[in-house]
Each structure stands twice: as structure tokens, then as C-alpha cells.
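**Student:** Before anything else, here's the structure in question.
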Amino acid sequence: MTMAHVAIALGSNVGDRERMLREGVAALQPHLRDVRVSTFHDTDPVGVGPQPTFLNAAAVGVTVLPPRDLLQTLLDIERTLGRERPYPGAPRTLDLDLILYDDLIIDGPGLVIPHPRFRDRAFVLRPLAEIAPEWTDPVTGRTVQDLLDSLKASHPRAT
């Protein structure tokens, strides 16, 4: 049975955000081993209209699930915990994004790994750098910490 290292971003900006993130992490436990979770970070919404502040975190662990099965599991967890998708960018009880899956690069219908926008998102890089600073982006060859440092240098207000 092959184990894959994975990184998942978590976010919530509806209801009891901290409880939602904790429930999201708990729901991941049956599917991941050796789970490590970052601290929680308050962040302003990015790229969406006026919304409540997000609480964001990252989790890393190992799984036996193939990438598509893991993605479906994340979507199922979101739905179980009340996620609705009335329109793109809508406020969310829980958002789970598959950021990295080992050193795989996948660009297929419905699944892109690494997550296509994670390099430009401090709300993903900051918590991920806490728990996996040396993880290397297979597309750029740069570590998570290096990506965060570059983002801080080019967009200091975003970090």
C-alpha cells in the first residue's frame, strides 16, 4: 500500500469558524495519518466581494487515497459540514483545498495539483510554512518557505 504525503488548506468565514476548522480536521483524521495542523490565522477575504474575515489553517499528513478520491473526500467533508455553493466565491462554512500531493503534477479536468493559485495566496502559504516549510513545489522547485518569503517581498500587505 503506497502512502502519499499531502497538504490541505482549510478555511471558514461563516458561523463558528474555529469550530468548523476543528471539525474539518477531525473529519480528515480517518483518511490521513501523521496529521500535523498549523495554528489558525485570521485573514481578509481575497478576490471575492465584501465578506466576513476568514480563519485559515493548513494540515499535512499521509494517505493511501489516490488524488481524485482524496479530492472527493474533501468535497464530501465540506458538504457534510454544511458547505453550500450558491455562487463562485460565496462565503463558506468550510473550504478544504488539496494543495500538494507528494511531488505529483496533475492538470486534468476537475483536478489540478499543485493547486493552481497556492503560490500567490499568503493565507495558504503562511500556515503551510509553519508545518512544512521545506516542502518543494514540484512545478517551480521552490520550497513553501521560499514562496512565502517571495510573496512577502513582492506584496508585503498581502502577508
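**Student:** Which one is surrounded by the most Cβ atoms within 10 Å (Cβ to Cβ) among residues in segment 26-64 that are without any contact (Cβ under 8 Å) to a residue 40 or more places away in the chain and within 22 Å of Thr2 (Cα to Cα)?
**Tutor:** Looking at the filtered set, the residue picked out is Leu32.
**Student:** Quick one: which strands (runs of 3 or more DSSP E) lie wholly within segment 1-111 and hold at least 2 residues that are closer than 22 Å to Gln145 by Cβ?
**Tutor:** Filter on segment 1-111 gives 4-12, 33-37, 41-43, 54-63, 95-101.
Here is a yes/no grid of residues against (1) within 13 Å of the chain's Cα centre (by Cα); (2) not hydrophobic (A, V, I, L, M, F, W, C):
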| site | (1), (2) |
| --- | --- |
| Asp16 | no, yes |
| Val60 | yes, no |
| Leu81 | no, no |
| Pro91 | no, yes |
| Leu96 | yes, no |
| Ile106 | no, no |
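**Student:** In contact (Cβ under 8 Å) with a residue 40 or more places away in the chain, within 22 Å of Thr2 (Cβ to Cβ) and surrounded by 13 or more Cβ atoms within 10 Å (Cβ to Cβ): does that describe Leu111?
**Tutor:** yes
Any read-out appearing in this document is the output of simple, stated calculations on the displayed coordinates, not a laboratory observation. Please read all numbers here as calculations on a predicted model, not as lab measurements. Backbone-built Cβ (ideal geometry, glycine too); neighbour counts: all protein chains shown.
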